[in-house]
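What follows is calculated from the coordinates using simple rules that are stated; it is not laboratory data. All values reported here derive from a predicted model rather than from experimental measurement. Here the Cβ positions follow ideal geometry from the backbone for every residue, glycine too, while neighbour counts run over all protein chains shown.
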Protein chains: 2
Amino acid sequence: MTSPPRNAAALVIGNELLSGKIVDANIPYLARELRELGVALERVLIVPDDVDVIARDVRALSEAHDVVFTTGGVGPTHDDVTIEAIAKAFGRAVVRAPEFETLLRELYGSRLTDAHLRMADVPEGSELVSNEQVRWPTIRIENVYVFPGIPEIFRAKFPVLRDRFRQDPWHLRMVFTKLDEGFLKGPLDRIVAQFPTVQVGSYPRLSDPEYYVKITLEAKDRVAVDDATEALVASLPPEAIVRVA
Amino acid sequence: MTSPPRNAAALVIGNELLSGKIVDANIPYLARELRELGVALERVLIVPDDVDVIARDVRALSEAHDVVFTTGGVGPTHDDVTIEAIAKAFGRAVVRAPEFETLLRELYGSRLTDAHLRMADVPEGSELVSNEQVRWPTIRIENVYVFPGIPEIFRAKFPVLRDRFRQDPWHLRMVFTKLDEGFLKGPLDRIVAQFPTVQVGSYPRLSDPEYYVKITLEAKDRVAVDDATEALVASLPPEAIVRVA
């Protein structure tokens, strides 16, 4: 990739998420990080530890989006099938990466087993990305970055790559109102029609004492966002506006 | 559907989740509920408020899974496109449901607007499911159930339908160990080979003082789960086992 990705997808892998044993903590982190970087996260899939399912989804996401992040299913045990699946998605062999093997031998020392060494197996042609602070590499193959499922490790590794993904930022404004969505629909429809580049969201809260509906206005064009916010505020009864941010 | 669904998928709709503004709370709830009901949640998608994307995904999920749950994108504003998208997925018209309209007129009284009435628009041929306690109906079309994104409302409405989904339950055993996955791989591979009906998961924790890896063993056949658990425990060094549950 020569220019930063404009959009992204995430493939979250793990039976434990689908069976309700663990609550995913990586999607919220990745969504916030990408938003701050200016990258549009367009699609998230949560799938089981199944080679064929993962291979098919990686292939489809890789074709439809600029960059793909996978989390989970990396490690030495039988339920860690992500590497095999991604290799299958791209028709690559799985090969042992010598520099990764060297790192594992150094880290595990005399405790090293063959199972540990499996973690150095990567799809042929992968790039291994690391730095001085975070030596455990992140594997990239085509436009797919492979992360572990453990949130602490994901959060340690993502910053190593962050600058690859930096795009023009979004600008966000918010209008907090005491109005019901039934009353807001008319004004919102007019703003949406008048400012086609601005993404307008409407989010009711059931039990917030401060406001009833939060309206968000977003675009990469700051002037358009400010103009749309002003136009919206002007179209609502002043006493119904709690706060503009 | 004449027999309860064996598997399920969820389609989570909302730009606010993909842009990191809101953390989804419905997937964990649905995953736990379905697990308890004995239904396998096989796939979760998070997608934007986009009619064509939602229509395509609803169609694909409906064909591949016994039952589909959607959350989000229902309401009166421009970004609530779920109903239109599901109607499109099944080639149905959107029609106003008279009993839903009657309910809305009763609930909103003189505050009712045309925008509120849009919430009574459903894909033609939908079933509206409600009861005495929860009068706001849940819309079913084909094998797709349509829920709102607000977690409090989802949790109020799901129990109305719960008994439709009850299946044979899963049995779950857990073994907490002080072993590293590199050492566990061998014993786990043997259990997986010996008990093909038992789903075996291995979950390391980075910073739990009590244990290092939790192993889960699950199946609908209780005897198989108990036998696999016993066999696993017998194959590990006793001093490495923290607890068996």
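What the table shows:
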| item | result |
| --- | --- |
| Inter-site label distance for B:Asp227 and B:Arg243 at 7 Å from Cα along Cβ, in nm | 2.8 nm |
| In sequence order, calculated HN-Hα J values of the range B:165-177 (Karplus, 6.51, -1.76, 1.60; Hz; x Gly/Pro) | 9, 6, 10, 4, x, 8, 10, 10, 10, 9, 10, 9, 10 |
| Members of A:Lys157/A:Lys214; A:Lys21/B:Lys178; A:Lys157/A:Lys220; A:Lys88/B:Lys214; A:Lys21/B:Lys220 lying beyond 24 Å, as alpha-carbon distances in this model show | A:Lys157/A:Lys214; A:Lys157/A:Lys220; A:Lys88/B:Lys214 |
| 0 to 90° range, to nearest 10: angle between helix B:26-37 axis and chain B longest Cα axis | 60 degrees |
| Under 5 Å, built H, 5+ apart or other chain: amide partners of B:Val95 | B:Val122, B:Glu124 |
| Rounded to 10°, Cα long-axis angle of helix A:51-64 versus longest principal axis of chain A | 50 degrees |
| Between 0 and 90°, nearest 10: helix A:151-161 axis offset from chain A longest Cα axis | 90 degrees |
| Alpha-carbon centroids, the range A:7-24 and the range B:34-70: separation in whole Å | 14 Å |
| Ordering of B:204-216, B:3-15, A:93-105 by packing [mean C-beta count within 10 Å, highest first] | B:3-15, B:204-216, A:93-105 |
| Per-peptide average of other Cβ atoms within 10 Å, ordering B:68-75, A:161-168, B:233-240 highest first | B:68-75, A:161-168, B:233-240 |
| Exercise: per-residue mean of other protein chain Cβ atoms within 10 Å, A:193-203 | 3 |
| The range B:2-20 residues near the modelled A:Arg32 label - backbone nitrogen below 20 Å, point 7 Å along Cα→Cβ | B:14-20 |
| For the protein assembly as shown, share of DSSP beta bridges that run antiparallel, in % to the nearest 5 | 60 percent |
